[in-house]
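Below: the structure, in structure tokens.
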Amino acid sequence: MAQTPSQPLVWLITGCSSGFGIGLALLALQNGHHVIATSRTPSRTPHLVSQVESLGGKWHTLDVTSPEAVLKGKVDEVMSVWGRIDVLVNNAGYALLGAFECFSDAECRAQMETNFFGPLTLTRILVPYFRSRRSGTIVQISSTTGIEALASRSLYSASKFALEGFSEALYNEMAPFSVRVFLIEPGAFNSSFADKLSTHQASMPEDYKGTSIEEVIRTVEEMKGGNMRNDVEKGVRAIWDVVMREGLAEGMKEEFLRLPLGVDAAERWEVVGELRKRTWEGTRHIWESCELDAQKKQGGC
Ligand SMILES: NC(=O)c1ccc[n+]([C@@H]2O[C@H](COP(=O)([O-])OP(=O)(O)OC[C@H]3O[C@@H](n4cnc5c(N)ncnc54)[C@H](OP(=O)(O)O)[C@@H]3O)[C@@H](O)[C@H]2O)c1
Ligand SMILES: *[C@@H]1O[C@H](CO)[C@@H](O)[C@H](O)[C@H]1NC(C)=O
């Protein structure tokens with residue numbers, strides 16, 4: 001399991017046409033690892049494809065919303081490039097924002113297909129291989145939206161909460177097999193993410209004027225053009241360090257499932273943590289009321 005430069009890992013990364021995906025692909029290549037970078041339409045980013053290939057990487061077409069059989073075929077294909085895959089990075093994703101009632105069925109399903117079912121299926125295809133090999137790393141790019149659902153993010157949060165749910169269970173299931181699972185939860189990073197966010201086709205009822213839905217969408221709109229708090233290159237470096245157990249992660253006593261990224265992400269953790277604590281305290285008289293009488297007698301002194 002020692003991951004030295006003499007044992008380059010093979011990385012399979014989705015959504016490499018920009019942001020975290022390409023950043024991680026280039027960093028891995030620069031460190032002498034093997035990379036299979038993927039995107040839906042490689043012909044749209046020829047400069048990135050040649051950059052990756054000039055560093056010894058490969059670029060494959062991969063749409064994470066493809067049917068399972070197609071994804072399976074793709075995994076078999078990329079497995080044969082270097083004879084193995086060591087790290088799967090489920091990174092491709094986008095944010096659908098707006099009022100919950102305004103989303104069409106197609107918009108809801110498309111969000112879940114890309115952000116949830118895509119990673120789910122790729123992970124499910126690779127788990128038997130990682131398990132039987134007793135090694136492998138699964139990196140799920142989630143979001144602070146994966147632990148807190150703000151107004152306007154009903155579907156984006158649904159997709160990332162779902163990603164977090166199965167990945168947390170998988171983390172527990174894979175622990176005996178030395179297969180590592182990570183949930184990366186970035187705050188706002190300067191990728192093309194804000195430029196690419198989508199809203200519903202339907203127009204929002206007047207009632208929502210001035211509500212937090214508008215507010216949150218406006219905040220994200222203001223981030224367009226890379227006007228965000230965090231540097232995606234630093235985020236990529238942090239993910240690298242954690243996966244490779246070096247740099248910032250060197251000597252960490254515990255390997256955590258979740259990695260909040262950015263001070264803004266950490267602030268949301270604090271808010272969520274405090275609300276949980278307040279709920280726990282504020283509902284004590286209710287949850288305490290449910291115990292069997294026999295249990296109560298046992299507990300009392
Ligand atoms: N940047 C942030 O502030 C931030 C915050 C929290 C979480 N994240 C998460 O980070 C991940 C990467 O995003 P990023 O910040 O690097 O943004 P990005 O620059 O927009 O890159 C997103 C990548 O995902 C792919 N993608 C986008 N929509 C897709 C779709 N409908 N189907 C399939 N692939 C699609 C794109 O590839 P194609 O060329 O194939 O479209 C692109 O390479 C996402 O999962 C996102 O949710 C980002
Ligand atoms: C993000 O910001 C850093 C620091 O200003 C910059 O080096 C980098 O090119 C930016 N990345 C993107 C994708 O805009």
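Worth pointing out:
- Distance from the Cα centroid of region 58-76 to that of region 150-224 is 24 Å (rounded to whole angstrom).
- For the pair Arg133 and Glu168 in one chain, pulling the backbone fully straight at 0.36 nm per residue adds 10.5 nm over the alpha carbon distance.
- Of the residues Thr283, Thr219, Thr38, the one that moves most in a GNM of the chain with alpha-carbon contacts below 10 Å is Thr283.
- Among 233-242, 248-257, 49-58, 163-172, the order from most to least packed when residues are scored by Cβ within 10 Å on average: 233-242, 163-172, 49-58, 248-257
- Across Ala149, Ala266, Ala202, mean-square fluctuation computed from a Gaussian network of the chain (C-alpha pairs under 10 Å connected) peaks at Ala202.
- Convex hull projection area averaged over all views, region 179-301, Cα basis, nm²: 14.3 nm²
- Highest-first arrangement of 175-181, 186-192, where packing means the average Cβ count within 10 Å: 186-192, 175-181
- Element breakdown for region 10-261 at a 1.4 angstrom probe: carbon and sulfur atoms account for 52% of the accessible area.
- Taken per residue, the accessible surface of region 223-301 reaches 76 Å², heavy atoms only and a 1.4 Å probe.
- Leu292-Lys72 pseudo-label distance in nm [points 7 Å out on the Cα-to-Cβ vector]: 4.5 nm
- Hydrodynamic radius of region 48-203 per Kirkwood, over alpha carbon pairs, in Å: 16.8 Å
- Choice from Ile138, Ile184, Ile286 with maximal GNM fluctuation in the chain (Cα, 10 Å cutoff): Ile286
- When the P(r) of region 7-94 is calculated, the portion above 19 Å amounts to 30% of the C-alpha pairs.
- Take every pair of alpha-carbon atoms less than 8 Å apart whose residues are at least six positions apart; their mean separation over the length of the chain yields a relative contact order of 18 percent.
- Largest-first ellipsoid semi-axes for the chain, taking √(5λ) over the Cα gyration tensor eigenvalues, angstrom: 34, 27, 19
- Kirkwood estimate for region 155-225, i.e. one over the average of 1/r between Cα atoms, Å: 15.2 Å
- Counting only residues at least eight positions apart within a chain, or on another chain, the lysines with an alpha carbon under 30 Å from that of Lys296 are Lys277.
- Note on Val271 and Lys58: the extension gain reaches 72.5 nm, defined as 0.36 nm multiplied by sequence separation minus the Cα-Cα distance.
The values are calculated or read from the model by the stated rules, or taken from the named source; none is laboratory data. What you see is a predicted model, and the numbers here were worked out from it, not measured in a lab. Every residue, glycine as well, gets a Cβ built from its backbone with ideal geometry; the counts of neighbours run over all protein chains shown. Accessible surface is based on the protein model in full, side chains and every heavy atom, while ligands, DNA and RNA are left aside. Shrake-Rupley method; radii C 1.70, N 1.55, O 1.52, S 1.80 Å.
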